[in-house]
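The values are calculated or read from the model by the stated rules, or taken from the named source; none is laboratory data. Not measured: the values here are computed from a predicted model. Using ideal geometry, Cβ is built from the backbone for each residue, glycine included, and neighbour counts are taken over all protein chains shown.
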Amino acid sequence: MSVEAATTSAPALEVRDVHVRLGGAEILHGANLRVERGELVALVGPNGAGKSTLARTAAGIVRPWRGDVRCMGQDVRRLRGRRLARLRAFVPQRPAVPDGMTVLEAVRIGRSSHLMPLGRFTRSDREAIAAAMERAGVTQFAQRQLNTLSGGELQRVQIAIALAQAAPLLLADEPTSALDLGATVDVARLLRGLANDGLAVLLVAHDLALAAAIADRVVVMSDGR
Ligand code: ADP
Ligand code: MG
């Protein structure tokens with residue numbers, strides 16, 4: 001199947017019978033997961049169930065020793081770097097906050113997966129960066145340093161970085177776990193709106209009530225399955 005055919009018909013994310021070993025132990029014992037475009041799927045389960053490992057495997061960060069992971073029909077094990085970044089964006093639980101970096105600089109880095117090596121930002125890149133910041137509601141923070149933002153603002157910047165990547169699949173690992181209720185609701189609404197816009201969203205959540213409130217489907221994980 002050509003890449004074009006794969007990207008038009010396949011689910012945004014398909015994880016099949018994935019087994020993962022970390023530090024000598026098997027952590028995932030045959031996990032399955034599917035997210036379609038326009039769908040928000042919540043992944044819930046107790047601490048240590050393997051949610052983060054599954055999200056990282058889906059993102060191509062962790063390699064399964066058995067099973068299959070496809071983003072838009074493409075085998076993520078064969079992809080790295082910019083080609084992977086154009087398929088999926090990953091919002092981590094605890095974002096890195098480099099000293100002295102502004103919001104705009106961080107979102108520009110998100111866009112860099114669209115540049116050729118040593119390439120320059122074109123007008124369309126600048127427009128994509130501005131649109132991503134606007135969609136995530138962080139335009140007013142463009143010149144602020146990341147370490148001056150509140151937790152909720154910082155997570156919305158992470159989502160702006162992900163949107164600048166313009167990947168069809170967004171994976172977010174407990175993006176609201178450190179946020180207060182108001183900021184949690186803002187981020188949850190934003191993710192729901194992005195799925196309504198056609199993105200495939202996987203939200204790892206520890207809060208079942210939140211998951212049930214915003215997700216199209218809730219997938220429960222237990223003991224690596
Ligand atoms: P969750 O996100 O559901 O809390 P994780 O995927 O973080 O679960 O972890 C699942 C299990 O895998 C836990 O028992 C954890 O200690 C273990 N684990 C995670 N990362 C590693 C690693 N790098 N090396 C060894 N064990 C790990
Ligand atoms: Mg986790």
Practice task
Kindly establish whether residue 191 is in contact with a helix residue (DSSP H, G or I) (Cβ under 8 Å, 6 or more places away or on another chain), within 16 Å of ligand 2 (Cβ to nearest atom) and touching a residue at least 40 places away in the same chain (Cβ under 8 Å).
Solution key: no
Scanning region 175-217 residue by residue, the ones that are closer than 20 Å to residue 135 by Cα, assigned to a loop (DSSP other than H, G, I, E, B) and of a type in the set (Asp, Glu) total 1
Residues of region 64-93 being over 13 Å from the mean Cα position of the chain (by Cα) and touching a residue at least 40 places away in the same chain (Cβ under 8 Å), in sequence order, are 64, 65, 66, 67, 68, 69, 70, 72, 73, 74
*asked:* Looking at region 143-159, can you tell me whether even one residue there is among the hydrophobic types (A, V, I, L, M, F, W, C), touching a strand residue (DSSP E or B) at 6+ places or on another chain (Cβ under 9 Å), under 23 Å from residue 35 (Cβ atoms) and assigned to a helix (DSSP H, G or I)?
replied: yes
Scanning region 157-211 for residues that are crowded, with 23+ Cβ neighbours inside 10 Å and not aliphatic (A, V, I, L, M), the one farthest from residue 101 (Cα to Cα) turns out to be 176
Looking at region 7-25, is at least one residue closer than 29 Å to residue 107 by Cβ and without any contact (Cβ under 8 Å) to a residue 24 or more places away in the chain? yes
If we ask which residues in region 197-213 are more than 14 Å from residue 174 (Cα to Cα) and in contact with a helix residue (DSSP H, G or I) (Cβ under 6 Å, 6 or more places away or on another chain), their number turns out to be 0
Going residue by residue through region 120-140, is there one that turns out to be assigned to a helix (DSSP H, G or I), among the small types (Gly, Ala, Ser), in contact with a His (Cβ under 8 Å, 6 or more places away or on another chain) and more than 14 Å from residue 92 (Cα to Cα)?
yes
Over region 194-212, the set of residues within 16 Å of ligand 2 (Cβ to nearest atom) and modelled with pLDDT of 95 or more is 202, 203, 204
### Task
Kindly indicate whether any position in region 98-111 is in contact (Cβ under 8 Å) with a residue 60 or more places away in the chain and more than 21 Å from residue 44 (Cα to Cα).
no
